[in-house]
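Report on the following structure.
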Amino acid sequence: MILCDIGNTYVHFYDKRKIWKNKPEAIDKKELHADIYYISVNPTNEQKLIAAHKNSYNIAKIIDFDTPYMGLGIDRKAACLGIDDGVIVDAGSAITIDVMCQGKHQGGYILPGLAGYGHIFEQISTALKLPINFATPLDTLPLDTQSAMSFGVLKSIILCIQDTIKDQKAYFTGGDGKFLSKFFPKSVYNEMLVFNGMQISIDQALKYHKEQK
């Protein structure tokens, strides 16, 4: 069995031995050695997976996550499933922040991903078509445009998340999760968060099926 999390930029896989990712248009079929159970936030990329491996099954219907949040993404549901208390930060194409307390979802919000900020700057002015410098110091005011952009991006994201975390434990995942987690002393980086939630859902569904026999 292979678990698969289909995002907007990458398709992530886990087969109990390793985690890997492919671009949707360049899925490595040689790695797909078993049935795939997936969740998806991107219908186009979902079809690309199915085209690459026909034995692929969407398990969104068995992701049982109770929340008052309308329209919560399936990947966010999966990431929250294994956390009873704390803040879950999934830093990918977008940065999503969700709060769990005693096993109940309190709500959450969405920020642009780090790469997304770069695209926003480009739309403002060609003079701002510069890469984000992730090594920009955050304890001194910038004296050049690239540093100023980078400072604004990183500081705004970090302060926003800090205001949510306060004294809670934070769990980071996603492509930029490891980088962002370094700014939060009480944080844990876990690239398995979404896959753990998927596995919990599969185990619960199998248990229910056995009990009904």
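The values are calculated or read from the model by the stated rules, or taken from the named source; none is laboratory data. All of these numbers come straight from a predicted model, not from anything done at the bench. Here the Cβ positions follow ideal geometry from the backbone for every residue, glycine too, while neighbour counts run over all protein chains shown.
In the condition set (1) more than 14 Å from Leu3 (Cβ to Cβ); (2) in contact with a helix residue (DSSP H, G or I) (Cβ under 6 Å, 6 or more places away or on another chain); (3) touching a residue at least 24 places away in the same chain (Cβ under 8 Å), Tyr189 is compliant with all but (3).
Scanning for something within 23 Å of Lys182 (Cβ to Cβ) and within 20 Å of the chain's Cα centre (by Cα), does region 135-152 turn up at least one residue? Give the steps one after another, and end with the answer.
Kept after step one, since they are within 23 Å of Lys182 (Cβ to Cβ), are these residues of region 135-152: 135-142, 146-152.
This time we only want the ones that are within 20 Å of the chain's Cα centre (by Cα), so: none.
No, because not a single residue in region 135-152 is within 23 Å of Lys182 (Cβ to Cβ) and within 20 Å of the chain's Cα centre (by Cα).
Please specify each residue of region 2-20 satisfying the condition of being of a type in the set (A, V, I, L, M, F, W, C) and without any contact (Cβ under 8 Å) to a residue 60 or more places away in the chain.
Taking region 2-20 first, the residues of a type in the set (A, V, I, L, M, F, W, C) are 2-4, 6, 11, 13, 19-20.
Result: Ile2, Cys4, Ile6, Val11, Phe13, Trp20.
The set of residues from region 44-94 being surrounded by 23 or more Cβ atoms within 10 Å (Cβ to Cβ), of a type in the set (Asp, Glu) and not in a helix (DSSP H, G or I) comprises just one member, Asp90. Which residue is farthest from Thr67 (Cα to Cα), if the candidates are limited to region 95-118 and must be touching a residue at least 60 places away in the same chain (Cβ under 8 Å) and outside any helix (DSSP H, G or I)? Only one residue fits best here, namely Gly113.
Every residue in region 166-210 that is of a type outside the set (A, V, I, L, M, F, W, C) and closer than 19 Å to Ile59 by Cβ, please. If you could, list the steps in order and put the result at the bottom.
Within region 166-210, the first condition is being of a type outside the set (A, V, I, L, M, F, W, C), and the residues that meet it are 166-169, 171, 173-178, 181-182, 185-187, 189-191, 196-197, 199, 201, 203-204, 207-210.
Across region 166-210, the qualifying residues are Thr173, Asn196, Gly197, Gln199, Ser201, Asp203, Gln204, Lys207, Tyr208, His209, Lys210.
Against the list (1) assigned by TED's automatic domain parsing to the domain that holds Cys101; (2) buried (at least 18 other Cβ atoms within 10 Å of the Cβ), the condition Gln123 fails is (2).
Quick test of your reading of the structure: Gln168 fulfils all but one of (1) surrounded by 19 or more Cβ atoms within 10 Å (Cβ to Cβ); (2) modelled with pLDDT under 95; (3) among the polar types (S, T, N, Q). Name the failing condition by number. Single failed check for Gln168: (1). Out of Leu138, Leu154, one residue alone is modelled with pLDDT of 95 or more and part of a loop (DSSP other than H, G, I, E, B). It is Leu138.
Looking at Met70, Met100 in this structure, which one is of a type in the set (A, V, I, L, M) and not assigned by TED's automatic domain parsing to the domain that holds Ile158? Outline the logic, then answer.
Working: Met100 fails: not assigned by TED's automatic domain parsing to the domain that holds Ile158.
Being of a type in the set (A, V, I, L, M) and not assigned by TED's automatic domain parsing to the domain that holds Ile158 holds for just one of Met70, Met100, which is Met70.
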